[in-house]
Structure formats: C-alpha cells, structure tokens
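The values are calculated or read from the model by the stated rules, or taken from the named source; none is laboratory data. Here the structure is a predicted model, which means the values were calculated and not measured. Counting neighbours? That spans all protein chains shown, and the Cβs are built from the backbone with ideal geometry, glycine included. Side chains are part of the model used for accessible areas, which takes the heavy atoms of the whole protein and leaves out ligands, DNA and RNA. Shrake-Rupley method; radii C 1.70, N 1.55, O 1.52, S 1.80 Å.
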Amino acid sequence: MAEAKLNREYAMRVLGVGALMVGMCVWSLYDGRVNWPRQNRLMEQVRPDLLSTNLTAEAWLEPGESGVSPLEAAFVSKGFRPPSKLIKKLSELKVPDTATDREALRQAQAESVTKILKGPVYSEHDLSTQFIQAAVTLAFGLWAFCVIGVKARKRYQANGDGLGGSGVGCRTVGYADITAINWSKWDEKGIMKLTLKSGECLTLDGWHFAGMNGIVDEILKHRHDLGSKKS
C-alpha cells in the first residue's frame, strides 16, 4: 500500500511564514502601544527647547564641532536620543542646492519645521495604522497555522482496491471510477488532477504531501491506459 502525508519541508516553510507574521503582529502592537507613544512623550519634554530656537532643517541636523547636531544635543540634554522618525522628517525638508527661489523655499521650510516640532512624532493615524497592520499580520499567521493543521490530518492511500484516506473523504475511490488524468502540472509542480465518473475532480499535490509518487505509481499500475507522468 502506498501512502502520502504532509510534506515536512512544505510544512516548515508555511509555519515559518506564519511565525514571521505573528512576529510582525507583536512588533506592530509594541510600536503602536508602547514605543511610539513613548517617543511622543519624549518629544513633549524636549519641545520647549526645540521651539525656543529658529534653526533651519539643515542646521538642526548639521553636526557641530563636537560631532553632535543641535537636534541630538537637545534630546541628549534630557537623557534621550532623537527619534529616527523626527530626523527623517527634517531631512526631507532640505532645500535643494539647485533651487532658484531659495528664499521662498527657506520660508516655506521654516514653517514646515515649526509644524513638525509642534506636532507629535507619530500621529494618531500612524498609531492606528500599526493596529491595522497587527490585525492583518495576525490573520495571515493564524491562516498559515490552520492550513498546516488541516493538511497534517490528511492522508492519501492507494492499494489494490483503489484510493482511500481522509484526503479523498475517508472513502474508497475505485480505479475504474477515474475517467481522466490531467498531467499538465505534474512535471513542473507535482500536481495531478483526477476526473471521476461522477464529474468530481480530485487534486493530488506532490509538493504539499510527501509520498505522492507512490500513489501515482499505484494508480498507473491499475490504469495504465490513462497516460504516463511524462505525457
């Protein structure tokens, strides 16, 4: 008797993806509930010092003689490091050297710098996005685990009487009931489809289930008229 059951390599790959998704979920929840709100609170402590000056975006990020930028110095004085998101926002405001109307751009930049320094590092939209991302990644992670859980319980068996096992509905499908076999995806993906007299189609997947070659060989032994795996 030939038997096919869950392919360990396939299972490990899918479980790895599931674990990655759950990890992303935990990380998103951490950012949305702990890390990002904490950075917003740190910003509130440093904000008065930041708003007491009138530096350009470039000046905030330009290292001084000590190698420390004014932005970093303001946060270090409070015992923190500047949030990377704040640094990124300011760096995006740099006035291009090739700009023609530099004065107008600098005025617009000054207004943008003030707006950034007055606001939170992470907006409510940023925080809510993390919770949405957590829900989506958790759903994908659970889906991956469920897929493997379902497939792990499936078995395909083939003997002299026909096909059996939970993979075909815990019944016996006689070889005489098979009217056609679709081999088009067998060589490339290890997938073959059986068409039964009832019109039902059974899919045998050699990537998801190890041992499927033995099942196929058993089918061909009884129904060699349905072609070969190389056709």
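Summary table
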quantity: Tabulated pairs, the stretch 95-121, first more than 12 Å from residue 57 (Cβ to Cβ), second modelled with pLDDT under 90 and exposed (fewer than 11 other Cβ atoms within 10 Å of the Cβ), C-beta under 9 angstrom, 6+ apart or interchain; calculated: 102/96
quantity: Selection count where residues are open to solvent by 60 Å² or more (accessible area, probe 1.4 Å) and of a type in the set (Val, Ile, Thr), scope the stretch 188-214; calculated: 1
quantity: Filter result for residue 77 (in contact with a helix residue (DSSP H, G or I) (Cβ under 6 Å, 6 or more places away or on another chain) and over 20 Å from residue 123 (Cβ atoms)); calculated: no
quantity: Residues (more than 35 Å from the chain's Cα centre (by Cα) and either in contact (Cβ under 8 Å) with a residue 12 or more places away in the chain or not in a loop (DSSP other than H, G, I, E, B) (or both)) located in the stretch 166-182; calculated: 173, 174, 175, 176, 177, 178, 179, 180, 181
quantity: From the options 34, 17, 22, residue that is open to solvent by less than 50 Å² (accessible area, probe 1.4 Å), β-branched (Val, Ile, Thr) and more than 30 Å from residue 161 (Cβ to Cβ); calculated: 22
quantity: Verdict on residue 227 being on the phi > 0 side of the Ramachandran plot, surrounded by 12 or more Cβ atoms within 10 Å (Cβ to Cβ) and touching a residue at least 60 places away in the same chain (Cβ under 8 Å); calculated: no
